[in-house]
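Below: the structure, in structure tokens.
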Amino acid sequence: MNMISSPEIIDEIFRYDVPLQRYTSFRTGGAAEIFVEPGNTSELKKVLQFCRDEQKKVFILGKGTNLLVNDSGVKGVVIHLGGVDFKEIEINGRHVLSGAGVGLAKLIRKSALSGLEGLEGLVGIPGTVGGAVMMNAGGKYGDISDTIDSLTTMTFDGKITKHSRDDVEFAYRGCNLSGQIVVNVEFTLKESKIEVVLEKMDEIYKEKKEKQPLSTFNAGSIFKNTQHFKAAELIERAGLKGQKVGGAVVSEKHANFIVNTGNATSADILELIKIIKETIKKKYNVSLEQEIQIW
Ligand SMILES: Cc1cc2nc3c(=O)[nH]c(=O)nc-3n(C[C@H](O)[C@H](O)[C@H](O)COP(=O)(O)OP(=O)(O)OC[C@H]3O[C@@H](n4cnc5c(N)ncnc54)[C@H](O)[C@@H]3O)c2cc1C
């Protein structure tokens, strides 16, 4: 069903009323009014032109691993950088150019197998390169911004800009690129030995697996740590591990993770988030801020 007039190329790649559950790691949420996977920047530009002409709201989707989509779905155009041009990796000496749609895991592994170190600290983070940049993903072994040299974005009005690392303000789980789409990222890494990098990756992954419920439906840490407290510690101290709403439960393994046990709705997860926030505020007078994005 296509009730919107759109240029031919756009018509071919538009899909309507697409369930977003399978595009998020929580496996919950409603449908996208329009879902599109542009193959390259020129198609992306046309999609954005269409959104402006039709006054459609734009949503950029990576792997949906830091995202909760409301059960009522998303009114507007969800753009998924799944096309081939956004999935390329080029390695030239110590310089790695990655499309924003590349899976972080693939980039880390390919760099390691090229004898390059610097990204291995991000192992186990399941997003795309674009999503990782927007969230400045990372942890105790460093953040993605540590190895970025430059990145290219497209604004919602189609303007392409290459930014050097120093032009972008990266913060704890965020950066100042909102309103822009990351299309590719350049990293400068260090030369190393393949076995050394692979070994580090194994160690970090093992550590992560021990502490986090990696093989469940979740979206990583729900809340940011505060300046003085770790969110997980506060939630655990408040006795909220195992707290349930419908099919959503606070993980027993890591208190800052909410797990969809199979039949959770996004409303269940939102209600659980509300309970956690209220409890922590009441018990410790601390206001937790969400790390996950909510559509
Ligand atoms: C098991 C598990 C473990 C995790 N561990 C960690 C961890 O250790 N550290 C950590 O930081 N995070 C962690 N996360 C959270 C998540 O993986 C990261 O935030 C990741 O970088 C999100 O990438 P994504 O592609 O899935 O982004 P999405 O969830 O799809 O999107 C996140 C945000 O980025 C925007 N976005 C996505 N792609 C682009 C783009 N190309 N251009 C512009 N905006 C874009 C979206 O609009 C949205 O606002 C974990 C998640 C899970 C499920």
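Let's see how each residue does on (1) part of a loop (DSSP other than H, G, I, E, B); (2) more than 19 Å from the chain's Cα centre (by Cα):
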position	(1), (2)
F26	yes, no
I34	no, yes
E43	no, yes
Q49	no, yes
K56	yes, yes
F59	no, no
S72	yes, yes
V96	no, yes
Legend entry - Selection from the range 69-87 of residues that are modelled with pLDDT of 95 or more and either surrounded by 24 or more Cβ atoms within 10 Å (Cβ to Cβ) or within 15 Å of A100 (Cβ to Cβ) (or both): V69, V78, I79, H80, L81, F86, K87
Legend entry - Output for the range 160-181, where each listed residue is among the polar types (S, T, N, Q) and crowded, with 17+ Cβ neighbours inside 10 Å: Q180
Inset, instruction - Can you confirm whether the range 275-295 contains a residue that is more than 16 Å from the ligand (Cβ to nearest atom), assigned to a loop (DSSP other than H, G, I, E, B), more than 20 Å from the chain's Cα centre (by Cα) and under 23 Å from V74 (Cβ atoms)? - result: no
Inset, instruction - Considering each residue of the range 42-64, count those that are in contact with a helix residue (DSSP H, G or I) (Cβ under 7 Å, 6 or more places away or on another chain) and of a type outside the set (A, V, I, L, M, F, W, C), and give that number. - result: 5
Inset, instruction - Find the residue count for the range 250-274, including only residues that are over 21 Å from the mean Cα position of the chain (by Cα) and part of a strand (DSSP E or B). - result: 0
Legend entry - Scope the range 141-158; condition closer than 28 Å to E43 by Cα, in a loop (DSSP other than H, G, I, E, B) and within 11 Å of the ligand (Cβ to nearest atom); matching residues: F156
Inset, instruction - Kindly provide the set of residues from the range 184-203 that are more than 10 Å from the ligand (Cβ to nearest atom) and in contact with a helix residue (DSSP H, G or I) (Cβ under 8 Å, 6 or more places away or on another chain), ordered by number. - result: F187, T188, L189, I194, V197, L198, K200, M201
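Test A219 against the stated conditions and say whether it is part of a loop (DSSP other than H, G, I, E, B), at pLDDT 95 or above, of a type in the set (G, A, S) and within 16 Å of the ligand (Cβ to nearest atom).
yes
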Inset, instruction - Might you let me know whether the range 24-39 holds any residue that is without any contact (Cβ under 8 Å) to a residue 40 or more places away in the chain and either crowded, with 21+ Cβ neighbours inside 10 Å or not assigned by TED's automatic domain parsing to the domain that holds S192 (or both)? - result: no
Inset, instruction - Return the total of residues in the range 47-100 being among the aromatic types (F, W, Y) and either near the ligand (Cβ under 10 Å from one of its atoms) or on the phi > 0 side of the Ramachandran plot (or both). - result: 2
Legend entry - Residues within the range 167-181 that are of a type in the set (D, E) and either under 22 Å from F223 (Cβ atoms) or in a loop (DSSP other than H, G, I, E, B) (or both), tallied: 1
Inset, instruction - Out of G103, G115, report the one residue that is within 14 Å of the ligand (Cβ to nearest atom), of a type in the set (G, A, S) and either at pLDDT below 95 or outside the structural domain of S42 (by TED's automatic domain parsing) (or both). - result: G103
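Against the condition over 29 Å from I91 (Cβ atoms), within 15 Å of the ligand (Cβ to nearest atom), β-branched (V, I, T) and not assigned by TED's automatic domain parsing to the domain that holds D268, how does I181 come out, does it pass?
no
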Inset, instruction - List the number of the failed condition for I10; all other conditions in (1) in contact with a helix residue (DSSP H, G or I) (Cβ under 7 Å, 6 or more places away or on another chain); (2) at pLDDT 95 or above hold. - result: (2)
Legend entry - Near pairs, Cβ below 7 angstrom, 6+ apart or cross-chain, from the range 124-140 (within 15 Å of L67 (Cα to Cα) and in a loop (DSSP other than H, G, I, E, B)) to any residue that is of a type in the set (S, T, Y) and within 6 Å of the ligand (Cβ to nearest atom): P126/S25; P126/T65; G127/T65
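The values are calculated or read from the model by the stated rules, or taken from the named source; none is laboratory data. Computed from a prediction, not measured in an experiment: that's the story for all the values here. As a convention, Cβ positions derive from the backbone with ideal geometry for all residues, glycine included, and neighbour counts pool all protein chains shown.
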